[in-house]
Amino acid sequence: MAESKYLTLSDDSSKNGQISLAPEVIEIIAGITAEQVQGVHLVNSSFSKGVSALLGLESGASGIKLTEDDRGLVIEVNVVLDFGISVPQTAAKLQEKIKQQILFMTEIVINEVNIEVDGMLPEETNSSIDPDDIFAEKDGEEK
């Protein structure tokens, strides 16, 4: 969220006081939930940072953004998906799981979860190049 205001968990002040959450807490819950779905990688996760760089995506993208509009709270989730999975089914699963987890943990209702697929990870490749030693010489070649 652009503003750094806290979200109050309930309008009723309990006898013990008020409970408020920083918007970043909601983003963290959404991010952890998204990464638990098989075949999904957040744009900011260490696994997909390299892929994002290869795809020319913004390096500072956080992967999760919480905003508020006239309809309520909206979460935007930027992901990279594994090749071969159903994009519509995976996106719908992400939307439902994120909404459910945030509601369960905070009792805050999220009105929209928008999924933006920024790329696809290919299946494993049989490359003869060692990514840890890209300048290694092939057998039979001399330095």
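The values are calculated or read from the model by the stated rules, or taken from the named source; none is laboratory data. Since we're looking at a predicted model, the values are computed, not measured. With ideal geometry, Cβ positions are generated from the backbone for all residues, glycine too; neighbour counts draw on all protein chains shown.
A few notes on this one:
- Complete set of residues in segment 73-97 that are outside any loop (DSSP other than H, G, I, E, B), β-branched (Val, Ile, Thr) and touching a Gly at 6+ places or on another chain (Cβ under 9 Å): Val77, Val79, Val80, Thr90
- The condition of being modelled with pLDDT under 90, under 23 Å from Lys5 (Cβ atoms) and surrounded by fewer than 12 Cβ atoms within 10 Å (Cβ to Cβ) holds for only one of Asp70, Asp139, that being Asp70.
- Top-ranked residue in segment 85-111 [being out of contact with any helix residue (DSSP H, G or I) (no Cβ under 9 Å at 6 or more places or on another chain) and hydrophobic (A, V, I, L, M, F, W, C); ranked as farthest from Val25 (Cα to Cα)]: Ile85
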